[in-house]
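First comes the structure, then the notes that go with it.
The values are calculated or read from the model by the stated rules, or taken from the named source; none is laboratory data. Everything numeric in this text was worked out from a predicted model, so none of it was measured. In this analysis, Cβ positions are derived from the backbone assuming ideal geometry, glycine residues included, and neighbour counts consider all displayed protein chains.
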C-alpha cells in the first residue's frame, strides 16, 4: 500500500493566531502582557533591522515572561490552556483537513516553532505526531533559552528529514501560512500556502 503524509504548520494554519503570544497572555494576564510587549518592542525593531535573530528575539520574550518558572506549575498551566483556551483559537477548517487526512489513512505531523509544552498535549488528543521547539529546563525551572534550534525556516525541513524518510511516501502534503514554512513546503509533492482547501463554508 502506498503511504501518504501531511505536514501542518500550527500557528496561523491550525490556529487563527500565534499560540506562543496567546499562551503568554493567558499565563501572565493582559496588564503584564501588554507592558511586556511595550518594553520588548525595541528588540523587535532590532530583529527587523537585522541586528538580532528571530531566535534571540524569541528568547527575549521567554526570559521576560517565563524565566524562573517552575516546570511543574508551568505544565499545569499549559494543560489548562490546551483545555480551556486553545479550542477558541483553532481554525475549524484546518482541523477538519487534518482529520480528513487521518480518515484517509495518511500520517499527519504538526511542525511548529511553538513549544512542546502545549503542542504535545494537543497533538496527542488528535492522534498526530509533532515536531516543535523545546524550552530549556535547568533545576526544574525555565531558563529563558530555547533548547537547540527554534523550529522554523530551514530547521523545519531539517527536522522533518531527520524524522522521516520521505522517499518512502507517495504523496507528501504540506500546509503553511508564513515564510517560516516555505522550506517545509518545498519538501512536499502537494503544498498549500495561506489558501487551503475549503471544507467549511463561511
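Would the stretch 163-174 turn up any residue that is surrounded by 19 or more Cβ atoms within 10 Å (Cβ to Cβ), in contact (Cβ under 8 Å) with a residue 40 or more places away in the chain, under 16 Å from the mean Cα position of the chain (by Cα) and closer than 22 Å to residue 102 by Cα? Scanning the stretch 163-174 turns up at least one residue that is surrounded by 19 or more Cβ atoms within 10 Å (Cβ to Cβ), in contact (Cβ under 8 Å) with a residue 40 or more places away in the chain, under 16 Å from the mean Cα position of the chain (by Cα) and closer than 22 Å to residue 102 by Cα. Taking residue 20, is it assigned to a helix (DSSP H, G or I), touching a helix residue (DSSP H, G or I) at 6+ places or on another chain (Cβ under 8 Å) and either at pLDDT 95 or above or within 30 Å of residue 106 (Cα to Cα) (or both)? Yes; evaluated as a whole, the condition is true for this residue.
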